[in-house]
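The values are calculated or read from the model by the stated rules, or taken from the named source; none is laboratory data. Values in this document were obtained by computation on a predicted structure and should not be read as measured data. Cβ placement follows ideal geometry from the backbone for every residue including glycine, while neighbour counts extend to all protein chains displayed. For accessibility, only protein heavy atoms count, side chains too; no ligands or nucleic acids. Shrake-Rupley method; radii C 1.70, N 1.55, O 1.52, S 1.80 Å.
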Amino acid sequence: MTEVGTQVTASNPTRPLRLSLLDLAMVRSGQPISEALADSVHLAQVADELGVFERLWFAEHHNMRSISSSATAVLIAHVAARTERIRVGSGGIMLPNHAPLTVAEDFGTLAELHGDRIDLGLGRAPGTDQVTMRAMRRSPVASDQFPQDVLELQGYLSEQTRIEGIHAYPGEGTKVPLYILGSSLFGAQLAAQLGLPYAFASHFAPDALQAAVAAYRDGFRPSEQLAEPYVIAALNVVAADSTQEADELRAQVLSSRVRSLAGRMPQLAGVDIDDDMVAELMDTPVGQQALHMATYTVHGDREAVAAGLADFQRTADADELIVANVAPGRDARERTLRVLADIRAAA
């Protein structure tokens, strides 16, 4: 079963299937963070051994109990050191949280250690809430400088710094590839103007997917990094051996998302949200928000997932799909990886 949109806008319906992975380094309720990180390493090694995935990205989030990838560059270094082939990177680094020079040094170091296996995806959101943003000493207007910060960072990673006398060591000359992440027309237009690949966060922000991709393709200007537009679109996938099992796993994923959203409500802070409360919340704006965020979700057995991926790729007009592997538990997530690998190998 799939929940992807039905409108098809693909300019190339025969575009090959390229698959990548987004790991949110999820921490289950009651799970030690060290165990969650070990799960991410194990799944990265499985993906690496399967040999069909383009890249594995980790995302910067802060003050979220269920996500353990806040120190994104540290986690990338750890995973890259324990894999051999798959590209590893950020999806993304929230650039307004950091000085471009520091990001260049971090990812320049990663590139020097791991060669041409490092990606640097960039976003302009805080990756958290307003209170946490202040705790990070981030200025509320920092995102206004995002285009200039991208160019400054790009200069540090090339051999043409934009700030006279300031160089990234390590970093300079590594030319770590940049990707612009977004969920609106702003990121699409910026990626097009700079001639960079564009990744759309449709796994949780579905509304502007088709309009943003169209704007990106229409406005794209070739650059030194990229001659033609390149779109990566994200979706959630839960794959299992049977439809019934996949249905059960997806229901668990939806319940977890409802709990997460409800837990951020002041009136429910500290409340143990049990299954009965989740069922009641499904008919509230919280439940509707959770369902909407999961608009681009594919779940089912191998055949259903294969069909859903093909439908979503056409809907998104994407060159590459990046999968948020959201099944609960390491074993279920590993099964999803293996089903995806079978689909990719057969494509």
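Summary table below
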quantity	calculated
Antiparallel content of DSSP bridges confined to the chain, in %, to 5	5 percent
Efficiency of FRET from Cβ geometry, Y169 and Q148, R₀ 25 Å, rounded to 0.05	0.70
Estimated FRET transfer efficiency (D116, D276; beta-carbon r; R0 45 Å; 0.05)	0.30
Whole-percent carbon and sulfur share, accessible surface of segment 92-242, 1.4 Å	51 percent
Crossing angle, helix 243-263 versus the chain [Cα axis fit, 0-90 degrees, rounded to tens]	70 degrees
Computed label-point distance, nm, for sites Q244 and D331 using a 7 Å Cα→Cβ extension	1.7 nm
Segment 207-273 shape via C-alpha gyration tensor axes, a/c threshold 1.5	oblate
Using alpha carbons only: equivalent-ellipsoid semi-axes of segment 128-239, gyration tensor based, whole Å	25, 21, 13
Segment 34-73 - percent of accessible surface contributed by carbon and sulfur, probe 1.4 Å	47 percent
Extension reserve of the M265-S184 stretch, reckoned as 0.36 nm per residue once the Cα distance is removed	26.6 nm
Pairwise centroid distance, computed over Cα atoms, of segment 43-60 with segment 82-135, Å	17 Å
Spacing of the two label points (7 Å from each Cα toward its C-beta) at V141 and Q193, in nm	1.8 nm
Packing-based ranking, highest mean first, of 99-109, 165-175 given that Cβ atoms within 10 Å are counted	99-109, 165-175
Rounded accessible area per residue of the chain, 1.4 Å, Å²	45 Å²
Gain on full stretching of the segment that runs from E49 to E224 - 0.36 nm per residue minus C-alpha separation	59.8 nm
Calculated Rg and Dmax of the Cα atoms in Å (choose from (1) 18.5, 51; (2) 19.5, 62; (3) 19.7, 67), label	(2)
With all protein chains modelled, accessible area of L340 [1.4 Å, Å²]	0 Å²
Under the Karplus curve 6.51 cos²θ - 1.76 cosθ + 1.60, θ = phi - 60°, whole-Hz ³J(HN,Hα) for segment 43-58, x wherever Gly or Pro sits	5, 4, 5, 4, 4, 4, 5, 5, x, 10, 9, 6, 7, 10, 10, 10
Cα long-axis angle, helix 209-219 against the chain (0 to 90 degrees, to the nearest 10)	20 degrees
Label-point separation in nm, R28 to Q289, each point 7 Å along Cα→Cβ	2.6 nm
